[in-house]
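*Asks:* If you scroll down you'll find the structure; I have some questions about it.
The values are calculated or read from the model by the stated rules, or taken from the named source; none is laboratory data. Only a predicted model underlies this, so the values are computations on that prediction, with no experimental measurement involved. Every residue, glycine as well, gets a Cβ built from its backbone with ideal geometry; the counts of neighbours run over all protein chains shown.
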Amino acid sequence: MRKKRHPMPPKYEGMHPESLMMSYGYVPAWSEGSVKPPIFQTSTFAFQSAEEGKEFFQWAYGLKEKDPDKPMGLIYSRLNNPDLEILEERLKLWDEAEESAVFSSGMSAISTSLLSLVPIGEAVVFSRPIYGGTDLLLETILPERGIVTREFRARSEPEVVDAICQELKDAGTPARVIFLETPANPTMCMTDIEGMAEVAHRHEALCLVDNTFMGPLYQQPLKHGADLVVYSATKYLGGHSDLVAGVALGSCELIEQVKLYRTILGTMLEPFSAWLLMRSLETAKLRITCSRKNAEKVAAWLAEQPRIEKVHFPGMPDTPRQKEIYEKQCTGPGGMVAFDLKDAGEKEAFRFLNNIKLAKLAVSLGGTESLVEHPATMTHADVPVEEQEAIGITPALVRLSVGIEHPDDLISCLSYALEQIDVEEDDEVETTVASVDEESK
């Protein structure tokens, strides 16, 4: 198995990421001619000599500057593993990143990155709404440990964030990271990456973007000035709802810093999930493209339904400014759709969800199957109710991750569920019993 990362071979130059996902970063001769990389299910690796082991550890822990002409050897799977290294090579391609690091989950990618980049006593300025787990990290866990956090609304202009950063600097607590999630989870609000990156750099801070919702096919934050981009690779990159993983991408300097913390915190991805993720990357463009096409059809259909108050979808921006941001930084709308049910509360939303027949009632997103959930009581349940309302998460809001089923079947499924919202419970029970009787025949 190889022990050194080489520049891209000339035979690969000019190729598209979807082509390189099949073989980049791996040579069959390294593993007995195996076309696919094997799973290196090992905890540790043997050194050729004691001197080699000493040198590898000096490099790994930053005790000695690495010789650029010598390969970094394999030590221990918490530090490095062939499956992780090949995967990291391929993950760089979509975002055209210098370097990447894979993690045991999206949250471990976020938490490890922030802990490595933000000193105690300094600040993170973040957009809201944001994924519920990230919200809890930023609102509670990091402040309990001496890191200051300040929020801004996802639709805010860069000038608003600039003022927050200046206020923090004047108080002696400089902002170290501006953290965006765009589109926002679950309201789909778009935030100006380029504008926020300019603000961050003006204040000697970094711009970190969670790009999970849109995915790397339709938005590449590094190209718009972001310093670091993170994904829950569980979602579109994994795409089959059978693994949990995360990734951070950026410059070699930043990722080296993040990887040091990853080693000590033990937030590495394990080899089998890395192998599964490599398998998934081979079909990523096909899956994500199909999901996006289906989402466009579903969103357009939802927008015409009288029982729908509003559709939240990047491809259907609700203001000129949102349209401007979308056209500047996105090449497609992705596969996520949210919508508000008209004249509905939790009871009506639950009745709608309970009558979904094809999509699965489950959290997560980006899988081959469509998933539907209720943000207010599920993914964002830890956000206080008054804050939910302030950022657009109402009892009537439903989030839909559109899969790769036939779009007509998804629309039929949603149509039936909408029809059931106003069906009285007694009528619903009678209908269910009748259906059971009919099936038994």
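*Asks:* Check Gly33, Gly62, Gly53, Gly14 and return the single one that is of a type outside the set (Lys, Arg), exposed (fewer than 15 other Cβ atoms within 10 Å of the Cβ) and not assigned by TED's automatic domain parsing to the domain that holds Ser232.
*Replies:* Every option except Gly62 fails the conditions.
*Asks:* Now a separate question. Quick one: what pairs do we get from region 1-28, first residue acidic (Asp, Glu), second modelled with pLDDT of 90 or more, C-beta under 6 Å, 6+ apart or different chains?
*Replies:* Taking only residues 6 or more apart or on different chains, the pairs are Glu18/Lys285.
*Asks:* Of all the residues that make up region 169-184, how many are surrounded by 15 or more Cβ atoms within 10 Å (Cβ to Cβ) and either over 27 Å from Ser401 (Cβ atoms) or of a type in the set (A, V, I, L, M, F, W, C) (or both)?
*Replies:* Residues that pass the stated criteria total 10.
*Asks:* Of all the helices (runs of 4 or more DSSP H) wholly in region 263-343, which have at least 1 residues that are under 30 Å from Leu79 (Cα atoms) and in contact with a Gly (Cβ under 8 Å, 6 or more places away or on another chain)? Before you say what the answer is, go through the steps one by one.
*Replies:* Working: elements: 271-281, 284-302, 320-329.
Result: 271-281, 284-302.
*Asks:* Another one. Please work out if Lys92 is modelled with pLDDT under 95 and closer than 21 Å to Arg262 by Cα.
*Replies:* Against the criterion (modelled with pLDDT under 95 and closer than 21 Å to Arg262 by Cα), Lys92 does not qualify.
*Asks:* Out of region 369-379, which residues are assigned to a loop (DSSP other than H, G, I, E, B) and either within 16 Å of the chain's Cα centre (by Cα) or of a type in the set (Asp, Glu) (or both)?
*Replies:* Glu369, Thr379
*Asks:* Of the residues in region 298-333, how many are within 23 Å of the chain's Cα centre (by Cα) and over 18 Å from Ala154 (Cα atoms)?
*Replies:* Within region 298-333, residues that are within 23 Å of the chain's Cα centre (by Cα) and over 18 Å from Ala154 (Cα atoms) number 4.
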